[in-house]
1. If a residue must be touching a helix residue (DSSP H, G or I) at 6+ places or on another chain (Cβ under 8 Å), in a loop (DSSP other than H, G, I, E, B) and at negative phi, how many such residues does segment 131-141 contain?
2. Do any residues in segment 187-198 that are in contact (Cβ under 8 Å) with a residue 12 or more places away in the chain and open to solvent by less than 80 Å² (accessible area, probe 1.4 Å) have Cβ atoms under 8 Å from those of residues that are among the polar types (S, T, N, Q) and near the ligand (Cβ under 9 Å from one of its atoms), where the two are at least six apart or on different chains, and which pairs are they?
3. Would you say ARG212 is part of a helix (DSSP H, G or I) and open to solvent by 60 Å² or more (accessible area, probe 1.4 Å)?
4. Go through LEU139, LEU129, LEU210, LEU246 for me and flag whichever is within 16 Å of GLY21 (Cα to Cα) and either within 16 Å of the ligand (Cβ to nearest atom) or out of contact with any Cys (no Cβ under 9 Å at 6 or more places or on another chain) (or both).
5. I want to confirm something. Restricting to segment 9-60 and keeping residues that are farther than 23 Å from GLU218 by Cα and in contact (Cβ under 8 Å) with a residue 40 or more places away in the chain, which single residue is farthest from the chain's Cα centre (by Cα)?
6. Note down all Cβ pairs under 8 Å where the first residue falls in segment 68-80 and is touching a residue at least 24 places away in the same chain (Cβ under 8 Å) and over 14 Å from THR14 (Cα atoms), the second is in a helix (DSSP H, G or I) and of a type outside the set (D, E, K, R), and they're at least six residues apart or on different chains.
7. Inspect segment 116-129 for any residue being modelled with pLDDT under 95 and either touching a helix residue (DSSP H, G or I) at 6+ places or on another chain (Cβ under 8 Å) or open to solvent by 50 Å² or more (accessible area, probe 1.4 Å) (or both) and give the result as yes or no.
Amino acid sequence: MVVQDDADRTALVTGASRGIGAGIARHLLDRGARVAGAYRSGREGVEKLAAAYPDRVLPVRLDLADRDSAVDAVQQVRSDWGRLDSLVLNAAVWDGGKLTRMDPDAWWAVVETNLRGTAAVVRAAIPMLEQGGDASIVLVGSVVGDVGFAGDTAYASAKAALVGFARSLAKELAPKGVRVNVLAPGFVDTDMTAAVPRGSRDKIAEATLLGRFGTVDEIARAAVFLSEDATFCTGTVLAADGGWSL
Ligand SMILES: NC(=O)c1ccc[n+]([C@@H]2O[C@H](COP(=O)([O-])OP(=O)(O)OC[C@H]3O[C@@H](n4cnc5c(N)ncnc54)[C@H](OP(=O)(O)O)[C@@H]3O)[C@@H](O)[C@H]2O)c1
């Protein structure tokens, strides 16, 4: 179903195999765009999208933890489509625990994968994004990067860093017509939060003004708004957290 005509647009969405990334890819496809869906291990998730939207989905393998992977994935988009209008950096890993209990290498791996890996994809994609003169980058952060969460020092460090990264990049790329924004979700029902114990889940929902976790669809709509519709927004952070961080 095409609800809005973005038929001339192409997008690369990381972490498109499941969760929020799959939702963002679906919403972009519903608007008519072509989507390169990046997966790490879940190729079947992107294949499902390709079956539902024939000829408009390009599965690409991308592992944020592998230095060459970003360049290869972007190169695949370049050779298949030759252009890129929207980049949604959604993929991330979560690993947590109180700072003193977390293995230092595991701690750093979370920051490195999420921050260095994301920056590597952006770096590889910039030349194509600049070509069109009307492009957009959305980085999926987290409100935890702003207000913090016990047991999340590594993940929150990477998410906080994305904001400074995005604002600096917005200044670098505005002259080339590329907008850069951050979407900061609160707690959302996906695999990432599936292991949250019942008691903590209830407390989080209670602390959320809207009284519940968000849905993939709600976050995907906010991401597509920033990516495609918010044409006078750059360097902004949009919280989509049901009021949890207030
Ligand atoms: N869920 C929440 O409550 C919440 C809240 C705030 C922010 N966020 C953010 O929203 C984004 C999506 O989260 P989600 O809840 O949808 O997560 P999810 O269900 O755990 O899915 C993670 C996605 O990221 C991909 N991924 C994981 N490690 C990767 C790596 N090293 N390289 C490339 N891709 C990798 C996975 O790919 P494969 O399946 O192919 O391995 C999968 O598509 C993340 O940036 C997350 O930090 C989520």
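1. First, pick out the residues of segment 131-141 that are touching a helix residue (DSSP H, G or I) at 6+ places or on another chain (Cβ under 8 Å): 133, 135-141.
In the following step, the residues that additionally are in a loop (DSSP other than H, G, I, E, B) were identified as 133, 141.
Next, from what is left, pick out any that are at negative phi: 141.
The total comes to 1.
2. If the second residue must be among the polar types (S, T, N, Q) and near the ligand (Cβ under 9 Å from one of its atoms), the pairs left are PHE187/THR193.
3. Taking the combined requirement at face value, the residue does not satisfy it.
4. Working: LEU129 fails: within 16 Å of GLY21 (Cα to Cα); LEU210 fails: within 16 Å of GLY21 (Cα to Cα); LEU246 fails: within 16 Å of GLY21 (Cα to Cα).
Exactly one of LEU139, LEU129, LEU210, LEU246 is within 16 Å of GLY21 (Cα to Cα) and either within 16 Å of the ligand (Cβ to nearest atom) or out of contact with any Cys (no Cβ under 9 Å at 6 or more places or on another chain) (or both), namely LEU139.
5. VAL60
6. From residues that are touching a residue at least 24 places away in the same chain (Cβ under 8 Å) and over 14 Å from THR14 (Cα atoms), the pairs are GLN75/ALA124; ARG78/MET128.
7. To start, the set of residues in segment 116-129 that are modelled with pLDDT under 95 comprises none.
No, segment 116-129 has no match at all.
The values are calculated or read from the model by the stated rules, or taken from the named source; none is laboratory data. Note that the coordinates shown come from a computational prediction; the quantities given were computed from them, not determined experimentally. All Cβ positions, even for glycine, are placed from backbone atoms using ideal geometry, and neighbour counts span all protein chains on display. Ligands, DNA and RNA are excluded from the accessible area calculation, which covers all protein heavy atoms including side chains. Shrake-Rupley method; radii C 1.70, N 1.55, O 1.52, S 1.80 Å.
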